[in-house]
Amino acid sequence: MTNGNLVITVGIAELRVDTSPTNLSVIGLGSCIGVCLYDPVTKTGGIAHVMLPELINARGNVNRAKFGDTAVEALLEEILTAGANESGIIAKIAGGAHMFHIPEERNFMKLGERNAVSVKRALKKCNIPLVAEDTGGQYGRTIILNTTSGCVLIKTINYGEKII
Amino acid sequence: MDLKNLDPAWLDALKEIGNIGVGNAATALSQLVNAKISMTVPVIDVLPFGELSKASGNGDVYVAGVYLRITGAITGDILFTMSYQEARRLASLMLKQQSNDPVLSEMECSAVKEASSILTGSFLNALSELTSLSFTYSVPYFCTDIFEAILGSILFHLGEVGDYALLIKTELSCRTEKLTGNFFFLPQANSLDLMFESIGVKN
């Protein structure tokens, strides 16, 4: 899948955009979401590693890649700057798992889910079609976006591999 | 408190706190498995979230992790991780029975949880004695997965207030039983003021 090409890792609350032939990867998404935007024509792709649902909960924060609502906008801007055509951009998302079962912390319980909702809302707002997703569950995911094919490989420990 | 501009002298003070705390935890673990436990000098770092797992040095390793939330005068998160294989070894040491099943049983998970809870308890007792501050901690939450997925899922408390995490990390190891664990303490920035004040390093 990686075709021996360079793999660029996107850390927590970071975002990266690159053109073919590269692989963008997020190692171990738990409740975080990996938002992949891809333009098949220019073969430009990008991933944002979203950690929290909304910017409003935070105080004086500027790192837009951290929040679902702002990360999608920021990633879209970056990928357009890198030469993608706005009309052709598609989105794929993965992550948003529920890693720890904590009965007394209801918000924590739903963090992954809230992240997914926030990202989807932001994608809709930006008119980017969400063509595939692999979210929820109770397990972590490692994702690799291949900027040549636009395929996203999802690897897990006990739940196999798949390509979306 | 601005984590990025922490005085180096304060970091040293924190390191000493970490050292004493984890020393206590190591003693507890040693009694639990009845073997000699050694620990590394704590590493203290202030890092953006994106670099945290790289610094922790085990991004895509399959681990068993136990997470506890501290609340009270000091707030923060504690994570104790060991590789999945080592968690199995720790469990069999504690339960005094060898299991051939490659998957951790419920009983074994409980044992690892319990060990982590004892470790954390002794760490926090030391912290409380040193600072004369009182706080409580949650029950241990257990999870087995890729290290980074576990770490990423506990950072949200810190993520809501800033872009940096203060990481205190130590490795505990037991040579005779081939066990290594990583202990992470991530205090919330606003509780650092109180901590420094009570140990007298604040002007």
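Please specify each residue of the range B:90-111 satisfying the condition of being among the hydrophobic types (A, V, I, L, M, F, W, C), buried (at least 16 other Cβ atoms within 10 Å of the Cβ) and either more than 14 Å from chain A (Cβ to nearest Cβ) or part of a strand (DSSP E or B) (or both).
Matches in the range B:90-111: B:Leu90, B:Ala91, B:Leu93, B:Met94, B:Ala111.
Mind checking whether some residue in the range A:86-95 is within 14 Å of chain B (Cβ to nearest Cβ), in contact with a Ser or Thr (Cβ under 7 Å, 6 or more places away or on another chain), touching a residue at least 12 places away in the same chain (Cβ under 8 Å) and assigned to a strand (DSSP E or B)?
yes
Could you list all residues from the range A:127-144 that are buried (at least 16 other Cβ atoms within 10 Å of the Cβ) and over 19 Å from A:Ala97 (Cα atoms)?
A:Ile128
Out of curiosity, is A:Ile47 in contact (Cβ under 8 Å) with a residue 12 or more places away in the chain and at the interface with chain B (Cβ under 10 Å from one of its Cβ atoms)?
no
To keep it simple, each residue is scored yes or no on (1) hydrophobic (A, V, I, L, M, F, W, C); (2) under 19 Å from B:Asn24 (Cα atoms); (3) modelled with pLDDT of 85 or more.
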{"position": "B:Phe80", "(1), (2), (3)": "yes, yes, yes"}
{"position": "B:Ser83", "(1), (2), (3)": "no, no, yes"}
{"position": "B:Arg88", "(1), (2), (3)": "no, no, yes"}
{"position": "B:Pro102", "(1), (2), (3)": "no, no, no"}
{"position": "B:Glu108", "(1), (2), (3)": "no, no, yes"}
{"position": "B:Lys113", "(1), (2), (3)": "no, yes, yes"}
{"position": "B:Gly162", "(1), (2), (3)": "no, no, no"}
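Could you look through the range B:156-173, keep only residues that are hydroxyl-bearing (Ser, Thr, Tyr) and closer than 29 Å to B:Ile37 by Cα, and pick out the one that is surrounded by the most Cβ atoms within 10 Å (Cβ to Cβ)?
Selected residue: B:Thr170.
Would you say B:Lys202 is more than 13 Å from every other protein chain (Cβ to nearest Cβ), over 15 Å from B:Leu14 (Cα atoms) and modelled with pLDDT under 80?
So B:Lys202 fails the test.
When both residues are 6+ apart or on different chains and their Cβ atoms are under 7 Å apart, which pairs have a first residue that lies in the range A:54-79 and is under 19 Å from A:Asn127 (Cα atoms) and at pLDDT 70 or above, and a second that is of a type in the set (S, T, N, Q) and not in a helix (DSSP H, G or I)?
Short answer, once both residue conditions are applied: A:Ile79/A:Thr44.
Looking only at the range B:112-163, how many residues end up being hydrophobic (A, V, I, L, M, F, W, C) and either farther than 30 Å from A:Gly137 by Cβ or more than 7 Å from chain A (Cβ to nearest Cβ) (or both)?
Total satisfying the criteria: 16.
If a residue has to be out of contact with any helix residue (DSSP H, G or I) (no Cβ under 8 Å at 6 or more places or on another chain) and modelled with pLDDT of 90 or more to count, how many in the range A:101-115 make the cut?
Counting residues in the range A:101-115 that are out of contact with any helix residue (DSSP H, G or I) (no Cβ under 8 Å at 6 or more places or on another chain) and modelled with pLDDT of 90 or more gives 0.
Can you spot a residue in the range A:36-44 that is closer than 25 Å to A:Asn127 by Cα, outside any strand (DSSP E or B), at pLDDT 90 or above and within 14 Å of chain B (Cβ to nearest Cβ)?
Checking the range A:36-44: not a single residue is closer than 25 Å to A:Asn127 by Cα, outside any strand (DSSP E or B), at pLDDT 90 or above and within 14 Å of chain B (Cβ to nearest Cβ).
Looking at B:Ala73 and the list (1) within 17 Å of the chain's Cα centre (by Cα); (2) touching a residue at least 60 places away in the same chain (Cβ under 8 Å); (3) more than 13 Å from chain A (Cβ to nearest Cβ); (4) surrounded by fewer than 19 Cβ atoms within 10 Å (Cβ to Cβ), which single condition is not satisfied?
So B:Ala73 meets the others, but not (1).
Taking the range A:3-23, which residues are within 14 Å of chain B (Cβ to nearest Cβ) and either touching a Ser or Thr at 6+ places or on another chain (Cβ under 9 Å) or assigned to a strand (DSSP E or B) (or both)?
A:Val7, A:Ile8, A:Thr9, A:Val10, A:Gly11, A:Ile12, A:Leu15, A:Arg16
Are any residues in the range B:42-60 surrounded by fewer than 16 Cβ atoms within 10 Å (Cβ to Cβ), touching a helix residue (DSSP H, G or I) at 6+ places or on another chain (Cβ under 7 Å) and of a type outside the set (D, E, K, R), and if so, which ones?
B:Val46
Kindly indicate which of B:Ser92, B:Ser116 is under 18 Å from the mean Cα position of the chain (by Cα) and at negative phi.
Unique residue meeting the criteria: B:Ser116.
Check B:Leu172, B:Leu167, B:Leu158 and return the single one that is at pLDDT below 85, in contact with a Phe, Trp or Tyr (Cβ under 7 Å, 6 or more places away or on another chain) and over 20 Å from B:Ala28 (Cα atoms).
B:Leu167
Would you check which residues across the range B:174-184 are surrounded by 20 or more Cβ atoms within 10 Å (Cβ to Cβ) and touching a strand residue (DSSP E or B) at 6+ places or on another chain (Cβ under 7 Å) and list them?
Scanning the range B:174-184 gives B:Leu179, B:Gly181, B:Asn182, B:Phe183, B:Phe184.
Just for the range A:132-163: of the residues that are within 13 Å of the chain's Cα centre (by Cα) and among the aliphatic types (A, V, I, L, M), which one is farthest from the other protein chains (Cβ to nearest Cβ)?
Here the answer is A:Ala132.
The values are calculated or read from the model by the stated rules, or taken from the named source; none is laboratory data. Values in this document were obtained by computation on a predicted structure and should not be read as measured data. Glycine also receives a Cβ, built like all others from the backbone with ideal geometry; neighbour counts cover every protein chain displayed.
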